[in-house]
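The values are calculated or read from the model by the stated rules, or taken from the named source; none is laboratory data. Since this is a predicted model, take the numbers as computed values, not measurements. With ideal geometry, Cβ positions are generated from the backbone for all residues, glycine too; neighbour counts draw on all protein chains shown.
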Ligand SMILES: Nc1nc2c(ncn2[C@@H]2O[C@H](COP(=O)(O)OP(=O)(O)O)[C@@H](O)[C@H]2O)c(=O)[nH]1
Ligand SMILES: [Mg+2]
Ligand SMILES: [Zn+2]
């Protein structure tokens, strides 16, 4: 008899169909990852797994490795006689990818196969419209539906003011106001929970993601115990985890992201208002900086659009511009950008030589 209702945790016909390609293997869903070890849930329960040597050899980039939320094919569905081996990752229906901002170009899968992304932001000190725009850009691109979840409403004296500000950036996304201090405070979130559905909680550290999930679980599970309510194994070293909700469906908690870089983003949805304004600019290729009869600048002057929002739009577009280039090209682009004042990379080499001679 199966212990776990796999449909409840998101196993749909689409994944089942794909799994039939792999005869003799078992399907499971990754619930946590710690270095090379994965916790995977199968219909028999939870097991520990690692990827096969062949898999490791074949992967082209970090995002190809299994991540939390992935459906994988395993050589067994119970690890009582040793770790299971992950042979394949099934095609993701959605994926939230982050890139460490500024530093390397390494991309990282935050969560896979999610239906809804809760972009969490607290109503006190974390409240930042520019950050919402950044998260929305990535979320729209992930294939999941973003929802803005405002937390700690109990700490906010000017809610209507904050909501009015948020309205100028949320555009197509729902906005929920929550507080984890009371049962009523988390009601808005419950509408999004359903059997078979996966919700990922994204947002800065300290905004109350884990607290909210604990509330939904009806228990203080996080930071003490993982998926299971029994006393086997504490997942203190794992970085993010998936939880099965008592009411059905699953949620994925993620660690706080201090900075989140945009690799590929769907900025058309995030900044649909600016794109709409741009259609009214005199010049088709208007950069909305100093051209005459620029509808975007006009909107700023009339107070319809905030200057900060436009600046963030420029900034995110510039980051996302690297999309589609390989890492060497990206480095080249970045260096050219960095050294454009000293005559590009060639100039930069001379410049650096001259500097080090001194
Ligand atoms: N006042 C208030 N504090 C909260 C609320 N939710 C979480 N906190 C507190 O905020 C801090 C960070 O919460 P945590 O869930 O760990 O945040 P995470 O890093 O996003 O997972 C903790 O001290 C919580 O007790 C809330 O709704 N109201
Ligand atoms: Mg947390
Ligand atoms: Zn313009």
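Of the strands (runs of 3 or more DSSP E) lying entirely inside region 92-210, those containing at least 2 residues that are in contact with a strand residue (DSSP E or B) (Cβ under 7 Å, 6 or more places away or on another chain) and within 14 Å of ligand 1 (Cβ to nearest atom) are 116-122, 145-151, 174-177, 198-202.
Residue-wise test of (1) assigned by TED's automatic domain parsing to the domain that holds residue 307; (2) without any contact (Cβ under 8 Å) to a residue 40 or more places away in the chain; (3) surrounded by fewer than 19 Cβ atoms within 10 Å (Cβ to Cβ); (4) under 20 Å from residue 189 (Cβ atoms).
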{"residue": "130", "(1), (2), (3), (4)": "no, no, yes, no"}
{"residue": "133", "(1), (2), (3), (4)": "no, no, no, no"}
{"residue": "136", "(1), (2), (3), (4)": "no, no, no, yes"}
{"residue": "148", "(1), (2), (3), (4)": "no, yes, no, yes"}
{"residue": "156", "(1), (2), (3), (4)": "no, yes, no, yes"}
{"residue": "160", "(1), (2), (3), (4)": "no, yes, yes, no"}
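In the condition set (1) in a loop (DSSP other than H, G, I, E, B); (2) more than 21 Å from residue 255 (Cβ to Cβ), residue 54 is compliant with all but (1).
Scanning region 57-67 for residues that are crowded, with 20+ Cβ neighbours inside 10 Å, part of a loop (DSSP other than H, G, I, E, B) and not assigned by TED's automatic domain parsing to the domain that holds residue 150 turns up at least one hit.
Are any of the residues in region 24-39 at pLDDT 95 or above and assigned to a loop (DSSP other than H, G, I, E, B)? Yes - at least one qualifying residue is present in region 24-39. With respect to the stated conditions, residue 316 is more than 12 Å from ligand 3 (Cβ to nearest atom), on the phi < 0 side of the Ramachandran plot and surrounded by 11 or more Cβ atoms within 10 Å (Cβ to Cβ).
Within region 19-44, how many residues are surrounded by 17 or more Cβ atoms within 10 Å (Cβ to Cβ) and either touching a helix residue (DSSP H, G or I) at 6+ places or on another chain (Cβ under 6 Å) or closer than 25 Å to residue 255 by Cα (or both)? Summing the residues that are surrounded by 17 or more Cβ atoms within 10 Å (Cβ to Cβ) and either touching a helix residue (DSSP H, G or I) at 6+ places or on another chain (Cβ under 6 Å) or closer than 25 Å to residue 255 by Cα (or both) in region 19-44 gives 12. Going by the structure shown, is residue 336 surrounded by 11 or more Cβ atoms within 10 Å (Cβ to Cβ), more than 16 Å from ligand 2 (Cβ to nearest atom), over 19 Å from residue 270 (Cα atoms) and modelled with pLDDT under 55? So residue 336 does not fit the description; no. Each residue in region 247-268 was checked for being modelled with pLDDT of 75 or more, in contact with a helix residue (DSSP H, G or I) (Cβ under 7 Å, 6 or more places away or on another chain) and more than 12 Å from residue 205 (Cβ to Cβ), and 3 of them qualify.
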